[in-house]
Structure formats: C-alpha cells, structure tokens
Amino acid sequence: MSTEKIKNMENSATEDMPSQQIELPSAVSVKSLAAIINVEPVDVIKQLMRNGHMLTINDAVDPDIATLICQAYGFAVKEQVDDPSEAKSLVLEHDESDLEHLEARPPVVTILGHVDHGKTTLLDQIRNSNVVTGEAGGITQHIGAYQVETEGNLITFLDTPGHEAFTAMRARGAQVTDVAVLVVAADDGVMPQTVEAINHVKAAGVPIITAINKVDKADADLERVKRELAEHDVLIEEWGGDVIAVPVSALTGEGVTDLLTNIQLVSEIGELKANPTKPAQGIIVEARVDKNKGPTSTVLVQAGELTIGCIIAAGVTKGRVKAMVDSHGNSVDTAGPSVPVEILGLNGIPEAGEVFIEASNDKEAREIVETELKKRASQGGPGVTLEEIYSRIESGESKSLDLIVKTDVQGSIDAVKNSLDGIQDDQSKINIIHAASGRITESDVLLAVASKAVIVGFNTDPSPGALSASKQEHIDVRTYKVIYDLVDDISKALKGLLDPVMEDILQGYATVRAVFNIGNNTRIAGVYVNEGIISRRAEMRVTRNSKVIFSGTVASLKHFKDDVREINSGLEGGIGIDGFNDFNEGDVIEAHLEREVE
Ligand code: GDP
C-alpha cells in the first residue's frame, strides 16, 4: 500500500490540530479500529478501499495500515514498547501452589425467585436477626452484600436478589454464587420468574435450596409448591430428590434459622476453600459515584487478603485502596476470602461482575488496565452463533448444542421440545437450558452469553432491548414462523450443514454530479466514481445525508455512450436504478455485494 496515498487522504479538518496520542492493540478489526478513532466503520472501509484493501467490518487490519489510517485521522500512534503478553492480565488465578495454602471460606449466597415472593423481606430478616457477634453497634450499611454469623459460621449474602443480576455477573465471566436460595411463596406457587430463576441457576451449575415462604399465611399450600417444583425438575428430598426445602416466613422469621443451617450444610458438601495468602483477587459486586466520596465499589474478595494501601486493577479502572468499610458500617483494614467490603480509591466505576486483582505497584496496575483495554478493543464480544457451536462440538470442546427456546404461547413449548428431541443422536445432543413463552428478553440474551447458548424464537421476536443486547454481545437469535424451519436449521447446525452466512461488502461508491431525464419518466444519475468500482451485479444503495433512501438493482450502467459491466474509480458514468428516479445532485450511490463468511 502506498503510504503517500494514505497521507494524501482528504483530512483537512485535522491538519492544523495537534495530534492526539493513541495506542493500538496488536490485533485490530475494522470495527474496533473505527471505534478507537471514533469514526463510522464504513468510513474506515472507504479509506482502506482507496488504497486497494477490500476489507469488511470484521476483518483484521494489518498493524502498519491501521497506523496509517489513524495518522490520516490526525492521531499519533504510540509505539508499543511493552509486550502485552508479559503484562499481568485481569483473570482470576488458581495456581498450583494454592493447594497447600487452601483454607475453608464462607459460602456466598444469592436469593432468587418470582417478584413479590419475599426475596427482599428474607434478605432483611436474615440480616437484622443475625448480626456478626461483637459488631452489633455498627450502623447497617447497604453495600450490595453482607455477612452474617450463624452457629459460629459466617455466610455471605449478595444483596441484589434476582436472576438478572446473577446472570449478568456470570455473563462477564464471574461465578460468584456458591448456593442459590430459591424463594417460592406458598400462597402463589411456582410462577414464570421462578421457572426462569431455576433455569438460570441450573445453567450455572449452582446448588439450590428452596425456601417456601409466607407459611404464616392462611392460604399457604406447601404441597402444591412441592408438586409444582417437581414439575420443573426441582425434586425435593421428600419427593426422592436431593434439593432441600425449608418452610419459612420472611415476615415473622419462622424457619429462617433452619434455612441458614441448611445453607451451611450444603456449602460444607461443596468444601469451599480459598488461599488467603496470595495477592488479593475477587469480583466487583457493585459500584457507584458517591456525591462526597467519589467512586465507591463493593468488592467480594475471592482469594488473598485485601488491605488498606494495596493497589488494585478492576476492569478498566485502578487505584490504591484508601478506605474499606464492611457491611456493618465498620472501617476495616483487611478483608479475606468471601468478605464483601466497600472500598474507596479506584479512579473510576468498574462494572458489576468484573474481576479485580492486586498489583505490586502502580505501574503494574496501569499495565494491567492497558492490556485489558487493548483486549476489549480487539474483541467484538464473546459471540455465540450456531456455526461456532457446531465447530465446538466438532472439536470435542463441547458436547451439546445449548438452546434457549422462546415461543408465543405456553402450548408451543412442548411442540418445539418434542420436535427437537427427534433430531438428536448420541454424538450431537440438544440441551434446552431455558424454555418459556413470551418475547425474547435481555435476560435471555444474558443467559445465552453466560452459557454460550443460541436463542431460538418460535412465533415471537426479541424486545428492542434484547435485540440491541444480542447485537452487542454477538448472540445468535433466530426466529421462525414454522416449526419445520426451526427444526431443520438446528438439525443442519448439528451436522455442520448450515447455509453459509453472507456478509455485506462495500464494492465502491460514486457521487451524483448531474441528473438526466431520458424520457419515459426515467431519470439517470451522472456520477463520478470516488472509490472502488461500481458494477452491474452489485446492489445500489442511494444515500442522502448519510441515510440510505433507496436500495435496488442496476437498470443501466454507461461509460460515455457504451453499456459497461463496471466503472472504475476516477471515472464518470451514468447509472439507472430499477424503480428509482428521485436522484439529487450530491447523493452518494454505494455498490454493495454479498460474500460468504469464510
Ligand atoms: P420480592 O419482590 O421478592 O423482593 O418481595 P418482597 O420481599 O418485596 O415481598 C413482597 C410482599 O410480600 C411484601 O408486602 C412483604 O411484606 C410480603 N411478604 C414477604 N414475605 C412474607 C411472609 O413470609 N409472610 C407474609 N405474610 N408476607 C410476606
């Protein structure tokens, strides 16, 4: 590629400005490059095209070319001195040496269930009646998690109930919960969000304890709850299963001690351990900006010991821990495994579910954050598509195709399930991790991210929020109107026979310089081809003020008087488009082709 050419790119707006320094990741796609320099991907594609590089939005850009593109937009690209592979990265480490230092740690518990079944009341009841010994004087502080003591043992509760928060954390890679308490109101029974919670917890592989709540109410019906739980494959001990069910009243406190004892029991089976001697690491539970104190974050330590003064990197933020407060409002100097503390000192607000790790000094913390930023800039998102699932099954990395099924009405769920049952065999298993009626929601998308699943909808569609979340996270959402088509697609996916996915290629674009009336109510555009080529087989998209106003096929393509197959950049010609006459001078006509994604 000619450096001169790129340098000559029209860019007068930035010429006089001092250039801003940026760093480029070692691998960068067109999309992430566009994001880094804050321009539309199509503009980057056009710049590349001018220099003879036909790339699509997801293609990788050669580092030298990426540098030239950045320079063309007025950015100075900083030389990469450090090898990013040598920098410590933001992942939780479980190294071999841990084994000899492992010590028992308290369980971390999340409470889930249908709305109004008593999750918040239960969390308050547990908190208020089980204050840690000796700390009764502390002012109760809601920091997103708290610890209580029961029969000499500590239990940590996450204070944000519900499966959305639970799965959102998991979608960011954080498995925080050791035991899930499923609250079901005895007067209401198993409801849609109970089923959702069950499936989210099962997908995470976390043990469940059911708290059958509101037993103080006259219309409480425990037997009905137990039966309905069994219908959703939550088999309690009385029914021959292994799930503990504890009748409670979150309001009166009845049964709550029993619930805590059982949480302790279940977590003992899990033999929860952590190494308190290594550098601290853990998860962000929540973070916010406090009007007076600045960024405050609640962290849950998972290993090591967090101390005042230590330096941590969390997500893309970092800082020295200046103050720590526990869930009872007490200032503390250290926090070990499973202890939640609110900390001050980070230079920003990390997201819930992000990992934090201790760094040996500020330079290392900065490097960790820089590495993380580069990693994020070069990755689109986790991305789960039917094709990828197939290749994971092929390579032995995965044994099943995990699906989330949403249907218009409850009655269609079984029809879809039964049809899918018919196409699996020993090699290729279909695992429906969640099936429900209704629109596809953001919570479904999060579950898909967390569980590497694909979403299929039958006679339903994604909500706007779910649609944008699925695009952002690159989650395959496939909707069908006919069961046969759904089953056929999944069956092909299992055999690796899916039709290829097509991607859009911008072949070239031209500016309309004049409009000619050639009779018969037909107008053609006299154009100048700015970049690439305009060919007859491409789809023409007429854009005005950067908005597509018409798409259609070529009716005529001329260079002077000759009919031609294509017009190259730098040349003039005439374009007629089927079904379109409304050209204006200044319109831009883009030529697009479809190409199979390799
Ligand atoms: P959440 O939406 O699951 O967090 O439910 P809440 O904790 O907000 O409770 C919903 C309603 O049920 C509130 O009016 C509570 O007072 C009530 N409630 C919760 N637990 C009990 C209980 O054990 N017995 C009775 N009678 N009411 C309860």
#### Entry: Restricting the stretch 1-32 to residues that are among the charged types (D, E, K, R) and part of a loop (DSSP other than H, G, I, E, B), the residue that is modelled with the highest pLDDT
Glu23
### Task
Tell me which residues, restricted to the stretch 156-172, are out of contact with any strand residue (DSSP E or B) (no Cβ under 6 Å at 6 or more places or on another chain) and away from the ligand (no atom under 14 Å from the Cβ).
Thr167, Ala168, Met169, Arg170, Ala171, Arg172
### Query
Restricting the stretch 33-42 to residues that are open to solvent by less than 60 Å² (accessible area, probe 1.4 Å) and either in a helix (DSSP H, G or I) or not hydrophobic (A, V, I, L, M, F, W, C) (or both), which is nearest to Glu590 (Cα to Cα)?
Val42
### Task
Within the stretch 196-216, work out how many residues are over 8 Å from Ala186 (Cα atoms), of a type in the set (Lys, Arg) and part of a loop (DSSP other than H, G, I, E, B).
0
### Query
Which condition does Met324 not pass, out of (1) at pLDDT 90 or above; (2) open to solvent by 10 Å² or more (accessible area, probe 1.4 Å), if it passes all the others?
(2)
### Query
Which of (1) part of a helix (DSSP H, G or I); (2) open to solvent by 40 Å² or more (accessible area, probe 1.4 Å); (3) at pLDDT below 95; (4) of a type outside the set (Ser, Thr, Tyr) does Val266 not meet, given it meets every other one?
(2)
### Residue list for the stretch 517-541, filter: open to solvent by 30 Å² or more (accessible area, probe 1.4 Å), more than 18 Å from Arg50 (Cα to Cα) and not β-branched (Val, Ile, Thr)
Asn517, Gly519, Asn520, Asn521, Arg523, Arg536, Arg537, Glu539, Arg541
### Summary
Looking across the stretch 253-282 at residues that are without any contact (Cβ under 8 Å) to a residue 60 or more places away in the chain and within 16 Å of the ligand (Cβ to nearest atom), the single one that is farthest from Asn361 (Cα to Cα) is Glu254
### Task
For Ala218, work out the one condition from (1) surrounded by 14 or more Cβ atoms within 10 Å (Cβ to Cβ); (2) more than 38 Å from the chain's Cα centre (by Cα) it doesn't fulfil.
(1)
### Query
Within the set of pairs 6+ apart or on separate chains, which have a first residue in the stretch 564-589 that is at positive phi, a second that is of a type in the set (Ser, Thr, Tyr), and C-beta atoms under 8 Å apart?
Gly586/Thr511
### Message
I'd like to check which strands (runs of 3 or more DSSP E) are fully inside the stretch 269-356 and have at least 2 residues that are in contact with a Leu (Cβ under 6 Å, 6 or more places away or on another chain).
### Response
281-290, 294-303, 317-325
### Summary
Scanning the stretch 217-244 residue by residue, those outside any helix (DSSP H, G or I) and within 15 Å of the ligand (Cβ to nearest atom) turn out to be Lys217, Ala218, Asp219, Ala220, Asp221
### Task
Evaluate the following for Asp64: is it modelled with pLDDT under 70, open to solvent by 20 Å² or more (accessible area, probe 1.4 Å), away from the ligand (no atom under 16 Å from the Cβ) and among the acidic types (Asp, Glu)?
no
#### Entry: Looking only at the stretch 327-371, and only at residues there that are of a type in the set (S, T, N, Q) and open to solvent by less than 30 Å² (accessible area, probe 1.4 Å), the one that is modelled with the lowest pLDDT
Thr371
### Query
Would a scan of the stretch 247-257 turn up a residue that is open to solvent by 10 Å² or more (accessible area, probe 1.4 Å), assigned to a helix (DSSP H, G or I) and within 19 Å of Gln147 (Cα to Cα)?
yes
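The values are calculated or read from the model by the stated rules, or taken from the named source; none is laboratory data. Here the structure is a predicted model, which is why all the values come from computation and not from measurement. Note that we place each Cβ from the backbone using ideal geometry, even for glycine, and neighbour counts take in every protein chain shown. Calculation scope for accessible area: heavy atoms of the full protein, side chains included, ligands and nucleic acids excluded. Shrake-Rupley method; radii C 1.70, N 1.55, O 1.52, S 1.80 Å.
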